[in-house]
1. Working only within segment B:138-161, note down all residues that are within 11 Å of another protein chain (Cβ to nearest Cβ) and touching a residue at least 60 places away in the same chain (Cβ under 8 Å).
2. Please find, within segment A:15-36, the residue that is surrounded by the fewest Cβ atoms within 10 Å (Cβ to Cβ) out of those that are in a helix (DSSP H, G or I) and in contact with a helix residue (DSSP H, G or I) (Cβ under 6 Å, 6 or more places away or on another chain).
3. Could you list all residues from segment B:16-28 that are within 13 Å of the chain's Cα centre (by Cα) and more than 7 Å from chain A (Cβ to nearest Cβ)?
4. crowded, with 19+ Cβ neighbours inside 10 Å and either within 7 Å of chain B (Cβ to nearest Cβ) or within 50 Å of the chain's Cα centre (by Cα) (or both): does that describe A:T57?
5. Scan the helices (runs of 4 or more DSSP H) fully inside segment B:96-172 and keep the ones with 2 or more residues being at pLDDT 95 or above.
6. Can you tell me which residue among A:A25, A:A64 is modelled with pLDDT of 95 or more and at the interface with another protein chain (Cβ under 10 Å from one of its Cβ atoms)?
7. In segment A:37-49, which residues are assigned to a helix (DSSP H, G or I) and surrounded by 18 or more Cβ atoms within 10 Å (Cβ to Cβ)?
8. Under the condition of being of a type in the set (K, R) and closer than 17 Å to B:S78 by Cβ, which residue from segment B:1-47 is modelled with the highest pLDDT?
Amino acid sequence: MKDKQDIEDIISRYWDGDTSLEEEAQMRAALQEESSLDPAALALTTFFQKEKQVQSTRPLEIPAQAKVRSLWSRYRALAAVLVVALGAFFFLQQGNVTSTSDTFQDPDQAFAEVVEALQFISGKMNSGMTTAGSSLEKVQPLDDIFN
Amino acid sequence: MNRPPTESHRAVFDREIAPLKDKLFRYAMRILGDGPEAEDVVQDVLIKVWQKREVWQDWNNIEAMCMTITRNLAIDRSRSKHRMVKDLPDHYDEPSKDATPDQLTEAKDVMGIIKQAMSELPPKQKEVIHLREVEGHTYNEIADILDIPMSQVKINVHRARLFLRDRLNKEQLEG
């Protein structure tokens, strides 16, 4: 512990802003023991020591998680708009299917369309069977070898 | 794109940055004078510091850098809201429970006088005195945080202390 003269010198330099952190700690300790050394310095140091006890009350959030949450909160409105827009798009698409031009009110016209469609499919099937038959003839020798 | 946190970054964060939370809060509080706003600033600071984890090794003093970022974000927020800088809330200057009623009254008066005087300090002096007296930074660190020459730090500390002492002496003499 420094003697009184040293402490008074430190206090004097404290007011001049010319003390080190270590000297200021010595000054605080000395003032706690003898407040008459400088009541104003004691009051100030007491005030600042109490302020040092102030703490944050909010729990520490891990920044990486906070960033994810922050990004989510920023873009969730955009995501909601996209979902609604996509929903509306598909809904309208469904509506278009029910009102296509190949729906007929006249049964005769509908029957004619069905016949035409079946003839088209039949023609394609015949063509396919012919192609398949010629291909089968080509692989027949291999079939004879293995069987 | 952010990489997932590596163990080493996580460890550095937990050891060197997370413990600064209260200090950053007090500094933001000193500038903003609003607890919830100061808490928001601290969270923003921690996110910003984490995003810069790839350059931590280039920082000479992580704590000083965190304080600088806190200062910048708090001042930005203060300007955006045209906020007047206030002082810390009343319950922070409660005297000891062992004191007599007279001592309690006197202590409250003294703390009230200092608090009022603190609120009247120019912003630069208020920040400098806070960083020195409350957070215990060296003059060099304060100069780094505030980006001013060390001579200015000393002058501001000197003037702030004298202002507070004169106000205290004057009020007590008048009281």
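1. B:E141
2. First pass over segment A:15-36, keeping only residues in a helix (DSSP H, G or I): A:15, A:21-33, A:35-36.
Applying the additional criterion that residues be in contact with a helix residue (DSSP H, G or I) (Cβ under 6 Å, 6 or more places away or on another chain) yields A:15, A:23, A:27-28, A:30-31, A:35.
Working: A:W15: 18, A:E23: 18, A:M27: 24, A:R28: 17, A:A30: 23, A:L31: 21, A:S35: 13.
Residue satisfying both the conditions and the ranking: A:S35.
3. Of segment B:16-28, the ones within 13 Å of the chain's Cα centre (by Cα) are B:20-28.
Answer for segment B:16-28, where residues must be within 13 Å of the chain's Cα centre (by Cα) and more than 7 Å from chain A (Cβ to nearest Cβ): B:L20, B:K23, B:L24, B:Y27, B:A28.
4. On the way: crowded, with 19+ Cβ neighbours inside 10 Å: no; either within 7 Å of chain B (Cβ to nearest Cβ) or within 50 Å of the chain's Cα centre (by Cα) (or both): yes.
For A:T57, the condition - crowded, with 19+ Cβ neighbours inside 10 Å and either within 7 Å of chain B (Cβ to nearest Cβ) or within 50 Å of the chain's Cα centre (by Cα) (or both) - is not met.
5. Details: elements: B:101-120, B:123-129, B:139-146.
Where helices (runs of 4 or more DSSP H) fall fully within segment B:96-172 and carry at least 2 residues being at pLDDT 95 or above, they are B:123-129, B:139-146.
6. On the way: A:A64 fails: modelled with pLDDT of 95 or more.
Matching residue, one of A:A25, A:A64: A:A25.
7. As a first pass, look at segment A:37-49 and keep what is assigned to a helix (DSSP H, G or I): A:37, A:39-49.
Within segment A:37-49, A:A40, A:A41, A:L42, A:A43, A:L44, A:T45, A:T46, A:F47, A:F48 meet the criteria.
8. If we filter segment B:1-47 for residues that are of a type in the set (K, R), which is where we start, we get B:3, B:10, B:15, B:21, B:23, B:26, B:30.
Narrowing the set further to residues that are closer than 17 Å to B:S78 by Cβ leaves B:26, B:30.
Values: B:R26: 95, B:R30: 91.
Selected residue: B:R26.
The values are calculated or read from the model by the stated rules, or taken from the named source; none is laboratory data. These numbers were taken from a predicted model, which means no experiment stands behind them. As a convention, Cβ positions derive from the backbone with ideal geometry for all residues, glycine included, and neighbour counts pool all protein chains shown.
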